[in-house]
Amino acid sequence: MDLDILMNLLINNWHIILLFFVIAILYSSVGFGGGSSYLAILALTGIAFTQIRAISLLCNIVVVGLNVFYFQRQKIYDWKKVIPMIAFSIPLAFVGGFIQISEYFFFILLGCTLLIAAITMWFSKKIISSHIATSVFTFSKNTSYAGVIGFISGMVGIGGGIFLAPLLHIRQWDSPKRIAATASLFILLNSISGILGQSFNPNFYINWNLTILLLVTVFIGGFIGSRIGNQYLSPIQLKKSTAVLIAYVSIRILVKHLL
């Protein structure tokens with residue numbers, strides 16, 4: 001990248017870069033990618049909606065990829081339970097990413113998705129369990145829930161962990177650490193599948209100069225966050241403050257495009 005281009009990007013987008021850096025640290029510390037917050041920030045910029053989804057998914061891949069690596073090294077994954085969870089979500093995330101949607105429909109869907117995510121995050125304190133699983137999903141529930149989340153994830157540009165993790169906690173699917181690990185893998189695979197689906201769309205386009213800068217930013221932030229874990233940060237405080245931000249952005253988006 002040319003030095004002049006880099007400096008212009010830094011000067012014109014320093015606030016976005018800083019926010020992405022902070023989000024990557026906070027979200028990776030609790031096993032998420034931050035896709036919902038990346039979308040919330042990008043939705044308030046002048047970036048084309050066709051690029052917003054792709055940038056968010058690519059940032060997800062970079063951030064949670066580090067988490068998945070660390071979780072796998074610790075041998076946390078119970079693959080007999082994880083594989084059914086992702087079996088249907090991956091192809092449906094691809095389909096969701098591939099489908100061409102209008103700008104109006106995208107922002108309405110984004111606003112609704114972010115609002116649901118904000119509500120989920122706000123009330124998640126009540127559904128986090130500290131116990132090992134007492135019940136499990138059936139195969140049909142695994143595939144149906146994960147498939148729907150995967151489809152929406154690919155279409156909107158999130159990894160889906162923001163919806164999957166609370167659902168698994170409600171069902172006491174497994175220990176909190178294994179749920180965090182599963183959510184990270186779910187986000188990673190759905191994001192990869194979603195971006196691949198988008199790449200086959202004729203309207204697919206990315207400003208790689210800005211995107212690469214943001215990817216480097218979230219890589220550094222994700223590396224820091226995945227190392228410190230939740231030793232210094234409160235997941236509940238993170239979720240509460242982020243929920244307010246996402247709710248504000250979602251309401252702004254819906255008001256702008258519905259009124």
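Taken together, the values in this text are just the output of simple stated rules run on the coordinates, not laboratory data. Computed from a predicted structure; not experimentally measured. When we count neighbours, we look across all protein chains shown, and the Cβ atoms used for this are built from the backbone with ideal geometry, even at glycine.
Remark on ASP174: its backbone amide H falls under 5 Å from those of ALA133, a criterion applied only to residues 5 or more positions apart or on other chains, H modelled at 1.01 Å from N. Can you give the FRET efficiency for TYR248 and ILE170, using 1/(1 + (r/R0)^6), R0 = 25 Å, r = Cβ-Cβ distance, to the nearest 0.05? Taking R0 as 25 Å, the efficiency between TYR248 and ILE170 is 0.45.
Magnitude of the charge dipole for region 1-99, about its Cα centre and with charges confined to Cβ atoms of Lys, Arg (+1) and Asp, Glu (-1), is about 520 debye. For the chain, with the dipole built from +1 on Lys and Arg beta-carbon atoms and -1 on Asp and Glu ones, taken about the Cα centre, which of LEU18, SER199, ILE158 lies farthest toward the positive end? The residue sitting most towards the positive pole is ILE158. For a modelled paramagnetic label at ASP4, 7 Å from Cα along Cα-to-Cβ, no residue of region 192-230 is in reach, as no backbone nitrogen comes under 13 Å.
With the cut-off at 25 Å, tell me which of the pairs LYS81/LYS240; LYS177/LYS240; LYS80/LYS240 have Cα atoms farther apart than that. Checking Cα-Cα distances, LYS81/LYS240; LYS80/LYS240 exceed 25 Å. Given the options PHE151, PHE88, PHE69, state which has the largest fluctuation in a GNM of the chain using a 10 Å cut-off (strictly under) for Cα springs. Result: PHE69 has the largest fluctuation of those listed. Zone of ILE220 (label point 7 Å along Cα→Cβ, backbone N under 16 Å): which residues in region 34-73? Output list for this probe position: 63.
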